[in-house]
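Take a look at the structure below.
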Amino acid sequence: MFVHIRNLAFKYPNAKDNTINDFNLTIDQGEIISILGESGSGKSTILRLIAGLDMPTNGNIMVGDHCMCSNSTFTQPEKRGVGMVFQDYALFPHMTVEDNIKFGLQKWSRKDKKNRVGEVLELVNLEDYRKRYPFELSGGQQQRVALARALAPKPKLLLFDEPFSNLDADLQIRIREELRRIIKSTGVTSIFVTHDQDDSQALADRIVVLREGEVAQIGTAQEILGTDCNFADRMPVKPRVLSRV
Amino acid sequence: MKWFRSLKTTMNLWTVLSVIFVLLVLLPNLSIIVQFFAEPNENWLHIREYMLQNYIQNTLILVFFVGILTLFIGTSLAWIISAYDFPMRRFFQWGMILPLAIPPYIGAYTYHGILNYTGVIQTSLRNQFDVTVNQQYFNIMNMPGAIFILTIFLFPYVYTITKAFLARQSTALVENARILGSSSWRIYFRVVLPISRAAIIAGVSLVILEVLNDYGVVSYYGIQTFTTAIFQTWFGMGDLQSAVKLSGTLMVIVLGILVIERIARGRRQFSFTTTKVKLLQPVKLEGPKKWYAFGFCMFIFSIGFIIPVIQLIYWATMTYEQFFSIDFWQLIWNSVSVAFIASTIIVVMAVVISNFARLNRGMLAKTFPKITILGYSIPGAVIAVGVVTLFTALDRQLFGFYEWLGLEPTLLISTSLFMLVFAYVIRYLAVGYNSIESGFDRIGTNFTEASRMLGMSVTKSFFKVDMKLIRGAIFGGFILAFIDIMKELPLTLILRPFNFDTLATKAYQYAVDEMIQQAAIPSIFIILVSGIAIYVFHHVLEKE
Ligand SMILES: Nc1ncnc2c1ncn2[C@@H]1O[C@H](COP(=O)(O)OP(=O)(O)O)[C@@H](O)[C@H]1O
Ligand SMILES: [Mg+2]
């Protein structure tokens, strides 16, 4: 198992109850996991905990052989080797595409930097946009730059927060396929968060259904959503609790 | 174990510096609070018995009338200028802020100079029409005069805040009322005043805090308030202990006002939502109405800006030869250099504390901003008392150390420029802080988090990303603090080292010495710098 999350719990200081409660998950290397849940179910919060942007009140997170977080240790986000594609992309508006991508490569040599930028831009098909500023790009292009930027430092684990929420519906379907292709070609272990079952189905090897900060179900798309049932039936309610890690 | 983990993770340079800075802000205030409860001396008993009531009464009369008058002038101008189109409206939009460029104490002696026996009005009447007036009607150096001066130079606080609110937040309500055919007056009283309550109260409380802070106007006009009383007991009677007691009492009043403000605003905090706002479209006025609107604005603008400025320029032309001497450049240098140093420190402290507060959750991150902006509510004279008591105590502690160094003076810090700069920083930290905090609010935390996910520490993220994105806000905060410090009077009068003068203290000194013409040039310089800053703000930074 590559990623190990055990008994994760978190509470915002001004909230009454735990936002995340006893969350458990293990992920294989190279696997794509989708966390599926309604708005407010705690999906973003889980990503923030894995990223190290918030500190859990309880629980352990292991990535590879490294303990990112336990009750006695906490690794700062910049030291985790975890990448993240933000919901609104968060591309630095004062830097070109190239500089955005180079930003995560500060320790690399000049030549390696240049090669790596070329590599990831080719991967996302944006070689001609190096010198553009983020505001000169379409929504879909911005997203691909955000992906390239997150991939550039070769993270051990890549996190996506609602990667399609800012895109048009037809673009969403196209990019979904492409995203899976890119992720699989790099072999990076990924977690992406969505409220859309179609996204989960198209992208993920396994789906984690989250309800009110707790894991409701874990399984493959087939196991959880079925294959050809209608939309209403697909809403993951109580049935078949497949595995509760 | 967990608390140790938390401590280890939050303990970085930003946290440590924030804690130190906040303590620095708190110390002088604590110093007053501690000594406020010290055993009273005889003088204080005397003051409390015979004079305190008078101070409180005068202070409250000033606060009440200036509050009410600025409320009506500020909101009516804000309403007319946001809702109607008439000649010169575009100019008045920012022109109405210009009276703020004239510090009230300068306005006070300028109006006195215009109205007194040798002033332009009475001389013209005597020479042209052979009319000699009853002096009583032309005497401005009394309570109504002080109310007039403070109102006419402070109303822009209410005007700007209310107008910003009306232009962005009131559109739907006002347009509905218009469609329903309500008259303008009706809309003003039934819609505008109630919905902008929170904004108006915010503006008026700024005015009230300025009134409590004022020393120049009331002392020039001979009105006994808390600030003048603090000066008198301290310098007149040499009784710092009673000055501390007065300061403590004034702090209680300020606290009361802040509490009343909270209650009056209710749960509705006024805030500008960042989502797309629909701007209020002004209605074009026709016929005599447009001239009424123009006339009202022009009238206020004239007494708040044109008349005093023309008078000052006239005086300046009479005295400029005496002035462009070494002394004048020294004054400018003094003013600019202390203001520059203090504003730089303010900006650095504000950046550190606000960056700490926005990147952390928890108690400290929540309370630090509140403490940081504390100083702005506290009158300058009170801060001066706090700082002096603090620093003399410190000097006493360091006495042995000075001797060991072989230094002669025994009061080293408490007679230095350092103390003045320190006091400026505490008093105006809030000005820089608010600007920088709103800059941070606008960019949110996403860029910082993105930067950290790419391997940059908080500090590197700040220099490579955040700082570049809030440059405008940092610059804005610097300028605002700079201007306020250049204009500052009571603190500077109390804390300046021997023989150290700024433009503000010199102008005030000349006026007190009945050398009004000589006061004009430093005054104009202050007004010019503030005026340019207001212009730049309205035309450059607002658009950003
Ligand atoms: N900064 C915060 N402070 C307090 N509560 C928060 C904060 N951010 C999110 N929450 C609450 O935590 C819960 C989960 O939020 P989130 O993880 O953003 O949900 P999701 O991403 O699934 O929509 C929600 O109820 C939300 O209101
Ligand atoms: Mg979310």
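The values are calculated or read from the model by the stated rules, or taken from the named source; none is laboratory data. Just so we're clear, the structure is a prediction, and the values are computed from it rather than from any experiment. Ideal geometry is used to build each Cβ from the backbone, glycine not excepted, and the neighbour counts take in all protein chains shown. Just the protein is used for accessible areas: all its heavy atoms, side chains included, with ligands, DNA and RNA removed. Shrake-Rupley method; radii C 1.70, N 1.55, O 1.52, S 1.80 Å.
I'm checking my understanding of the structure. Among residues of region A:148-187 that are buried (at least 16 other Cβ atoms within 10 Å of the Cβ) and within 16 Å of ligand 1 (Cβ to nearest atom), which one is modelled with the lowest pLDDT?
It comes out as A:PHE164.
For the list (1) more than 16 Å from ligand 1 (Cβ to nearest atom); (2) more than 12 Å from the chain's Cα centre (by Cα); (3) within 13 Å of A:ILE35 (Cβ to Cβ), I need the number of the one condition that A:SER190 fails.
(2)
Inside region B:478-544, counting only helices (runs of 4 or more DSSP H) that do not spill past its ends, which hold 2 or more residues that are among the polar types (S, T, N, Q)?
So the answer is B:503-512, B:516-536.
All but one of (1) in contact with an Asp or Glu (Cβ under 9 Å, 6 or more places away or on another chain); (2) surrounded by fewer than 13 Cβ atoms within 10 Å (Cβ to Cβ); (3) closer than 30 Å to A:THR57 by Cα hold for B:THR367; state the number of the condition that does not hold.
(1)
Across region B:34-63, what is the number of residues that are within 28 Å of B:ILE373 (Cβ to Cβ), surrounded by fewer than 15 Cβ atoms within 10 Å (Cβ to Cβ) and either out of contact with any helix residue (DSSP H, G or I) (no Cβ under 9 Å at 6 or more places or on another chain) or among the β-branched types (Val, Ile, Thr) (or both)?
1
Could you list, ordered by first residue, the pairs with Cβ atoms under 8 Å in which the first is in region A:192-214 and on the phi > 0 side of the Ramachandran plot and away from chain B (no Cβ under 14 Å) and the second is assigned to a helix (DSSP H, G or I) and within 16 Å of ligand 1 (Cβ to nearest atom), at least 6 apart or interchain?
Taking only residues 6 or more apart or on different chains, the pairs are A:GLY213/A:THR45.
When only residues in region A:186-205 that are among the polar types (S, T, N, Q) and within 13 Å of A:LEU158 (Cβ to Cβ) count, which is nearest to ligand 2 (Cβ to nearest atom)?
Among those that are among the polar types (S, T, N, Q) and within 13 Å of A:LEU158 (Cβ to Cβ), it is A:SER190.
Looking only at region B:115-152, filter to residues that are among the hydrophobic types (A, V, I, L, M, F, W, C) and open to solvent by less than 10 Å² (accessible area, probe 1.4 Å); which one of those is farthest from the chain's Cα centre (by Cα)?
Here the answer is B:ALA146.
Could you give me the residue pairs with C-beta distances under 6 Å whose first residue belongs to region B:200-218 and is on the phi > 0 side of the Ramachandran plot, whose second residue is of a type in the set (Gly, Ala, Ser) and at pLDDT below 90 wherever it lies, and which are 6+ apart or on separate chains?
Listed pairs, sorted by first residue: none to list.
Residues are listed down the side, and each one gets a yes or a no for (1) surrounded by fewer than 18 Cβ atoms within 10 Å (Cβ to Cβ); (2) more than 21 Å from A:LYS184 (Cα to Cα); (3) more than 8 Å from every other protein chain (Cβ to nearest Cβ):
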| position | (1), (2), (3) |
| --- | --- |
| A:PRO77 | no, yes, no |
| A:ARG80 | no, yes, yes |
| A:PHE92 | no, yes, no |
| A:LYS102 | no, yes, yes |
| A:TRP108 | yes, yes, yes |
| A:VAL120 | no, no, yes |
| A:LEU123 | no, no, yes |
| A:ARG130 | yes, yes, yes |
| A:TYR133 | yes, yes, yes |
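Rundown of residues vs (1) modelled with pLDDT under 95; (2) away from ligand 1 (no atom under 16 Å from the Cβ); (3) assigned to a helix (DSSP H, G or I); (4) surrounded by fewer than 17 Cβ atoms within 10 Å (Cβ to Cβ), yes/no style:
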site: B:GLN322; (1), (2), (3), (4): yes, yes, yes, yes
site: B:THR344; (1), (2), (3), (4): no, yes, yes, yes
site: B:ALA350; (1), (2), (3), (4): no, yes, yes, no
site: B:ARG358; (1), (2), (3), (4): yes, no, yes, no
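Here is a list: B:VAL218, B:VAL191. Which entry is in a helix (DSSP H, G or I), in the same structural domain as B:ILE80 (by TED's automatic domain parsing) and open to solvent by less than 10 Å² (accessible area, probe 1.4 Å)?
Within the list B:VAL218, B:VAL191, the selection yields B:VAL218.
Looking at the structure I just gave you, is B:ARG427 away from every other protein chain (no Cβ under 13 Å) and not polar (S, T, N, Q)?
For B:ARG427, the condition - away from every other protein chain (no Cβ under 13 Å) and not polar (S, T, N, Q) - is met.
When only residues in region B:460-474 that are within 11 Å of chain A (Cβ to nearest Cβ) and open to solvent by 50 Å² or more (accessible area, probe 1.4 Å) count, which is farthest from A:VAL145 (Cα to Cα)?
B:ARG471
Has region A:158-176 got any residue that is part of a loop (DSSP other than H, G, I, E, B), free of Cβ contacts under 8 Å to residues at least 60 places away in the same chain, farther than 28 Å from A:ASP28 by Cα and within 9 Å of chain B (Cβ to nearest Cβ)?
Scanning region A:158-176 turns up no residue that is part of a loop (DSSP other than H, G, I, E, B), free of Cβ contacts under 8 Å to residues at least 60 places away in the same chain, farther than 28 Å from A:ASP28 by Cα and within 9 Å of chain B (Cβ to nearest Cβ).
Residue-wise test of (1) in a helix (DSSP H, G or I); (2) touching a Leu at 6+ places or on another chain (Cβ under 7 Å); (3) modelled with pLDDT of 90 or more; (4) over 25 Å from B:TRP185 (Cα atoms).
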{"site": "B:GLY222", "(1), (2), (3), (4)": "no, no, yes, yes"}
{"site": "B:ALA229", "(1), (2), (3), (4)": "yes, yes, yes, yes"}
{"site": "B:PHE296", "(1), (2), (3), (4)": "yes, no, yes, no"}
{"site": "B:ILE300", "(1), (2), (3), (4)": "yes, yes, yes, no"}
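A quick yes/no check of all residues on (1) more than 14 Å from chain B (Cβ to nearest Cβ); (2) open to solvent by less than 70 Å² (accessible area, probe 1.4 Å):
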{"site": "A:ILE5", "(1), (2)": "yes, yes"}
{"site": "A:ASN14", "(1), (2)": "no, no"}
{"site": "A:ASN24", "(1), (2)": "yes, yes"}
{"site": "A:GLN29", "(1), (2)": "yes, no"}
{"site": "A:LEU36", "(1), (2)": "yes, yes"}
{"site": "A:THR45", "(1), (2)": "no, yes"}
{"site": "A:ARG48", "(1), (2)": "no, yes"}
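Of all residues being within 16 Å of ligand 2 (Cβ to nearest atom) and part of a loop (DSSP other than H, G, I, E, B) in region A:15-37, which is nearest to A:THR194 (Cα to Cα)? Just the residue, please.
A:GLY37
Could you identify the single residue in A:GLY40, A:GLY64, A:GLY52 that is away from every other protein chain (no Cβ under 14 Å) and more than 16 Å from ligand 2 (Cβ to nearest atom)?
Only one candidate passes the filter, namely A:GLY64.
Is it true that some residue in region A:112-119 is away from ligand 1 (no atom under 16 Å from the Cβ), touching a Gly at 6+ places or on another chain (Cβ under 6 Å) and of a type in the set (Asp, Glu)?
Scanning region A:112-119, I find no residue that is away from ligand 1 (no atom under 16 Å from the Cβ), touching a Gly at 6+ places or on another chain (Cβ under 6 Å) and of a type in the set (Asp, Glu), so the answer is no.
Can you tell me which residue in region A:50-72 is farthest from B:LYS2 (Cα to Cα), limited to those that are more than 16 Å from ligand 1 (Cβ to nearest atom), open to solvent by 40 Å² or more (accessible area, probe 1.4 Å) and in contact with a strand residue (DSSP E or B) (Cβ under 6 Å, 6 or more places away or on another chain)?
A:MET62
Only residues that are of a type in the set (A, V, I, L, M) and outside any helix (DSSP H, G or I): list them for region B:137-170, please.
Passing the criteria: B:ILE140, B:MET141.
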